[in-house]
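The block underneath contains the structure these notes are about, expressed in structure tokens.
The values are calculated or read from the model by the stated rules, or taken from the named source; none is laboratory data. These numbers come from a predicted model, not from an experiment. Because the Cβ atoms are built from the backbone with ideal geometry, glycine has one as well, and the counts that use them run over all protein chains shown.
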Amino acid sequence: MAQVKALSPDEMLTHWQQALPDEVVETFNNELAKKFDGKMAIVKTAELHKALKQKGVSVKEVTEQNWLKQTQNLYAEQGWKVDYKSPGWDDSFDPYFRFDLK
């Protein structure tokens, strides 16, 4: 019989959130504060990547670990309505997160 216990969904979420570097959440906080107009904010993915790179966080690792999506979920849990928009095959715009007050 296995000695290691399987993680429950709640335990997995806690584990997943603990693996998220503080620099990622801090960067979202900073960019959100810059862009917030009292009702909403649009934060472009490229701006997040640039700010994270300046803090020494690898964009490749951010992408591989799916940290932007993870952070999006954290903000939703805190009461924000957060949507991620990326271009389709016939669109031409920079991907971004839209934060709205609920």
Of the candidates Thr71, Thr45, Thr27, the one satisfying the condition of being under 20 Å from Phe93 (Cβ atoms) and of a type in the set (Ser, Thr, Tyr) is Thr45
Going through the stretch 63-99 one residue at a time, which ones are of a type in the set (Val, Ile, Thr) and in contact with a helix residue (DSSP H, G or I) (Cβ under 6 Å, 6 or more places away or on another chain)?
Thr71, Val82
Step by step: first the residues of the stretch 50-79, then only those that are surrounded by 15 or more Cβ atoms within 10 Å (Cβ to Cβ) and more than 11 Å from the chain's Cα centre (by Cα), then the one that is farthest from Leu101 (Cα to Cα). Which residue is that?
Val57
Among the residues of the stretch 10-22, are any surrounded by 12 or more Cβ atoms within 10 Å (Cβ to Cβ), among the charged types (D, E, K, R), more than 10 Å from the chain's Cα centre (by Cα) and at pLDDT 90 or above?
no
Taking the options Lys44, Lys55, Lys39, Lys81, name whichever one is out of contact with any Lys or Arg (no Cβ under 7 Å at 6 or more places or on another chain) and free of Cβ contacts under 8 Å to residues at least 40 places away in the same chain.
Lys55
